[in-house]
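A short write-up of the structure that comes next.
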């Protein structure tokens, strides 16, 4: 009797998917899954599509052979690109890549349609692939046409993006390129239809392609749950249009190294996401008008992170804000302030309906010399935050009884951090 257990392909695929999806919690790296492709043909056929969902995964490139693995990925993408061009030789819109590239030894066709498995595309990874193909042309036995040698980098970059847009059917994460409008490439509507997470750059010196990308994506993507802009150095109407077009946007992270004022379009767009937005993060000194602040409409917001903003901007942003479902609130001040009033924080806490679990105010350098409203702030925590489990605040010895009351009433408090102040 044969005692061996035969795994069906769909069962094996589910096991591999679980390994990848739970790798962070199980302390399993992609190296473990790579070893599976050596077991037998069945393991090989089911592991490859999952590994290529994100071939640039940092967990898969931590070994000493990191460079060789990246070069192998670049070589594989080039072989997929050549195969795609052979299949589409009648398409006059394609660059005649065979007129630009030749080989000392013929390149073998890929075993799988590797690119079609990708679900994560990062413009930086595409740039790295392009650069590695050019820098390692001798090792890859590649010969570039001398007439186009100066432009071969951009041509390859664009053709690789064309390949991904045409071949990928279910992209989940995208870091947007700055110098090419991918929304008009053939296949982009199907490729980006179910895009879940978008990351990109919006700078003052950016050309119009990034804005066109936003407008184009707004017509294609309606299922984004997370948007990360780093940096956002100007109010961008295209980005605002993209935000408005989303059905269930849950997270927005905005970063800047400048003082950005008059975010009128972004302000209006964020105010339309009151039913879905749960996590909001600012890093930098953004300015929003208190009279029209979108925060007042975000009644489902659960996490608010504000980092490196001036106290005056924070106070203006939080003025008259009501956040009944807020659970996490973290503030990083960007420079030393002689005097800080906690009134706006106390008012906000009083609107949280007992759900606040974490509150932090972190000093950029050293604590302020004077705190206004600390006693009222402590009482707000006592009266409105029964679930608080982490707190970082200032300590003044004159309020010892209030702090005792706080420690007694905070049943779920796991940690508390103090910045000690001296009374003037």
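Only one of the numbered conditions (1) loosely packed, with under 15 Cβ neighbours inside 10 Å; (2) in the same structural domain as residue 131 (by TED's automatic domain parsing); (3) modelled with pLDDT of 65 or more; (4) touching a helix residue (DSSP H, G or I) at 6+ places or on another chain (Cβ under 8 Å) is violated by residue 66, and that is (4). Kindly check whether there is at least one residue in the range 190-210 that is surrounded by fewer than 20 Cβ atoms within 10 Å (Cβ to Cβ) and in contact with a helix residue (DSSP H, G or I) (Cβ under 6 Å, 6 or more places away or on another chain). Scanning the range 190-210, I find no residue that is surrounded by fewer than 20 Cβ atoms within 10 Å (Cβ to Cβ) and in contact with a helix residue (DSSP H, G or I) (Cβ under 6 Å, 6 or more places away or on another chain), so the answer is no. Name the single residue, out of those in the range 322-339 being at pLDDT below 90 and out of contact with any strand residue (DSSP E or B) (no Cβ under 6 Å at 6 or more places or on another chain), that is surrounded by the most Cβ atoms within 10 Å (Cβ to Cβ). Across the range 322-339, the extreme among qualifying residues is 333.
Quick grid of which residues meet (1) in contact (Cβ under 8 Å) with a residue 24 or more places away in the chain; (2) over 24 Å from residue 328 (Cα atoms); (3) in contact with a helix residue (DSSP H, G or I) (Cβ under 7 Å, 6 or more places away or on another chain):
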site: 221; (1), (2), (3): yes, yes, no
site: 225; (1), (2), (3): yes, no, no
site: 228; (1), (2), (3): yes, no, no
site: 232; (1), (2), (3): yes, no, no
site: 244; (1), (2), (3): yes, yes, yes
site: 251; (1), (2), (3): yes, no, no
site: 254; (1), (2), (3): yes, no, no
site: 261; (1), (2), (3): yes, yes, no
site: 269; (1), (2), (3): yes, no, yes
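The single condition among (1) within 17 Å of residue 117 (Cβ to Cβ); (2) at pLDDT 85 or above that residue 13 does not satisfy is (2). The strands (runs of 3 or more DSSP E) located wholly in the range 210-310 that include 1 or more residues which are outside the structural domain of residue 351 (by TED's automatic domain parsing), over 25 Å from residue 357 (Cβ atoms) and at pLDDT below 85 occupy 251-260, 279-286.
Taking the range 159-179, which residues are out of contact with any strand residue (DSSP E or B) (no Cβ under 8 Å at 6 or more places or on another chain) and in a loop (DSSP other than H, G, I, E, B)?
Kept after step one, since they are out of contact with any strand residue (DSSP E or B) (no Cβ under 8 Å at 6 or more places or on another chain), are these residues of the range 159-179: 159-163, 165-167, 169-170, 177, 179.
Within the range 159-179, 169, 170, 177, 179 qualify.
Kindly indicate whether any position in the range 359-373 is crowded, with 17+ Cβ neighbours inside 10 Å, closer than 17 Å to residue 327 by Cβ and modelled with pLDDT under 95. Checked against the condition, which is being crowded, with 17+ Cβ neighbours inside 10 Å, closer than 17 Å to residue 327 by Cβ and modelled with pLDDT under 95, the range 359-373 yields at least one hit.
The values are calculated or read from the model by the stated rules, or taken from the named source; none is laboratory data. In this text the structure is predicted, and so the values were computed from the model without any measurement. Methodologically, a virtual Cβ is constructed for each residue, glycine included, from the backbone with ideal geometry; neighbour enumeration extends over all protein chains shown.
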